[in-house]
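The values are calculated or read from the model by the stated rules, or taken from the named source; none is laboratory data. This structure is a prediction, so every number in the text was calculated from the model and none was measured. Using ideal geometry, Cβ is built from the backbone for each residue, glycine included, and neighbour counts are taken over all protein chains shown. Quick note on the areas: whole protein, heavy atoms, side chains included, nothing else; ligands and nucleic acids left out. Shrake-Rupley method; radii C 1.70, N 1.55, O 1.52, S 1.80 Å.
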Amino acid sequence: MRALFPGSFDPVTQGHEDVLRRAALLFDEVVVCVMFNAHKAGRLPIAERLDRLRAAAAGLSNVTVDSHTGGLLVDYCRRVGIDVVIRGVRGASDLEYELPMARMNHELAGVETFFIPADPALAHVSSTLVTAVSQQDRGGSQLSCSASPTTMPSGPRT
């Protein structure tokens, strides 16, 4: 069975990497896909996010990397023949946010959502927090639990 792991991945965190590794063990193929979110101002260009996801997926032979910048997630699922979406959840607030979308994806296209709970050691990590810390130029040691060296943001953009 093929599954889609969508997100903005801006930047890729160790939490994302953990969910991706665990999903790769559960599904025959996982497509990790950078999705355009009109409600988020992207910090990193999509091409850079794709490169970081390829680095994160190194060694996972059943993982491919893609992007989708036009239309709904279900449009992408229909186009590539995927019936399952993977979502990592850190806590109740993530689940509260994700459930209505999961229900709508099912109603629109019959797409099921598979929730993978965050590793408790990584549950506090979000792309927003990783970006905020990196913009303060705190250095890699401050982000050791947030992003792997290959996917860590490089500091403030000028």
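Taking a Cβ cut-off of under 9 Å around ASP119, the surrounding Lys, Arg, Asp and Glu residues balance to a net charge of 0, with basic ones at +1 and acidic ones at -1.
You can think of it this way: the chain between ASP83 and ILE116 has 10.2 nm of extra reach, that is 0.36 nm per residue less the Cα-Cα gap. Taking the 1.4 Å solvent-accessible surface of region 3-95 as the whole, the part contributed by carbon and sulfur is 52%.
Give the relative contact order (percent, whole number) for region 1-83; include only Cα pairs under 8 Å separated by 6+ residues. All intermediate terms of the calculation are to be shown ahead of the outcome.
Numbers: 108 pairs, mean separation 30.6, N = 83.
Once divided by the residue count of region 1-83, the mean separation gives 37 percent.
Placing pseudo-labels 7 Å out from each Cα toward the beta carbon at ASP28 and LEU95 gives an inter-label distance of 3.0 nm. Each listed q (0.13, 0.18 Å⁻¹) maps to a log10 I(q)/I(0) for region 13-92, found by the Debye formula over equal Cα scatterers with no solvent: -0.42, -0.83.
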